[in-house]
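As structure tokens, the structure follows; a few thoughts come after it.
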Amino acid sequence: MRKSGKATYGLDWFYNGSENRTQKGLEISVIAIIDVDAHQGYSLSVQQTPATLAKRKAKVQNQHQWITWAMIEQTQQMLEQLPIKPMAEAEVNNATAEPTRMDYYLKHLQDSYAYLPAGLKYWAVDGFYSKKKFVDGVVGLNLQVISKLRTDADMRYLYTGVQKPRGAKRKYDGKVDLRDLSRLSHVTQLEPGLDLYTSIVWHVSLKRQIRIAAVVDTRKPGKTGYALLFSTDVDLDAEHILDYYKARFQIEFIFRDAKQFTGLCDAQTRQSQTLDFHFNASLSALNLAKYEDQLRSSQDNPRPALSTFSMASYKRVAFNDHLLERFISMLDLNPTLIKSHPNYETLRSYGIIAF
């Protein structure tokens, strides 16, 4: 998110997927619960990504740039008088290792784990998170990862033939090449020219067995496109992998609606706590709108429910309700008579998006 100024908490260079380049601004990490059947996402937790440690060190150095040589010599003498204590190699590595942004993302999941629904099992994430540290951390929480891989990912087929009576057992049977589909199992044809294949393979970088779901697109003559999805749950079928990964896109609608309708990017503050409150308030307002829309569709209420949730239409209906109530009050009309009129619902839905 773009942010002006120089002293805002968390201001740094982050990758902007919509612009396909790195830009200066703020970044938030959002954990959302997706209703796969209803195609609806609800934000559970939001956390701002802090600036890199190197940048924070640079700020500290700039704040203490007036240091005299006498202060340096005094500090050096004090350090020389301290007793020498050998450090173990593990302590040295821990002292020098700086937390990466991937560590922050994983910690966000760990902190939110206690609030996840009891039956939640699969964690669908973008291909950026297809890294060993993150995958191991998610699996360590008894969750299974569903994500995307590069089409040239380094993978090996598992050897299932007869083993030699002596020597080491053979584990692998060649490298996975999506251009050779003969070694993959055909699952189904999604549509003419769009096929789904699957197999259980060994991923070299992740150092684990995974089930891949490869979508092969041959709809354009002379050009074949590939999309490679995977799950750490090898027992999950490829069709569910595809459905769950497509459901992940609901979080993009959360960002879109929060930016356009609940002021996600309109925080005029620089402090970390006030920014955190603003981000949570914006996404909570969106959750409440979805919850109220869900109640309308589930209860026996004469007020119409939107068949597919649209924040623009929901906002329009709320505005029409307020305006009609204002007319009834200012003109001293009978609310029962007005609301029972057959055209009242037409006025309420005036200006909404047609479905």
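Every number here is computed from the coordinates shown, using simple stated rules; none is lab data. A quick note: this is a predicted structure, and the numbers were derived from the prediction, not measured. Cβ: placed from backbone, ideal geometry, glycine included. Neighbour counts: every protein chain shown.
Using the structure shown, list the pairs from 169/207; 3/132; 24/148; 3/259; 24/290 with a Cα-Cα distance above 22 Å, or answer none.
3/132; 24/148; 24/290
Ranking request for peptides 148-159, 330-341, 208-219: highest mean number of other beta-carbon atoms within 10 Å first, then the rest in descending order.
Result, highest mean first: 208-219, 148-159, 330-341.
Between residue 284 and residue 168, what length in nm is gained on full extension when 0.36 nm per residue of separation is reduced by their alpha carbon distance?
That works out to 36.1 nm of additional length.
Roughly how many nanometres apart are two label points built 7 Å out from the Cα toward the Cβ at residue 190 and residue 269?
Each label point is offset 7 Å from its Cα along the Cβ direction, giving 4.2 nm.
Classify region 212-257: rounded, prolate or oblate, from the alpha-carbon gyration tensor (a ≥ b ≥ c, eigenvalue square roots; a/c under 1.5 rounded; otherwise prolate if a/b is larger than b/c)?
Oblate, since a/c reaches 1.5 and b/c is not below a/b.
Would you kindly state how much longer the chain becomes between residue 35 and residue 220 on full extension, computed as 0.36 nm times their sequence separation minus their alpha carbon distance, in nm to one decimal? Please list the in-between numbers first.
Working: separation 185, 0.36 × 185 = 66.60 nm, distance 3.33 nm.
Gain on extension, residue 35 to residue 220, equals 63.3 nm.
What is the calculated FRET efficiency for residue 131 to residue 332, with r their C-beta to C-beta distance and R₀ = 56 Å, to the nearest 0.05?
0.25
Does region 302-348 classify as rounded, prolate or oblate by the C-alpha gyration tensor (a ≥ b ≥ c root eigenvalues; a/c under 1.5 gives rounded; else a/b over b/c gives prolate, otherwise oblate)?
oblate
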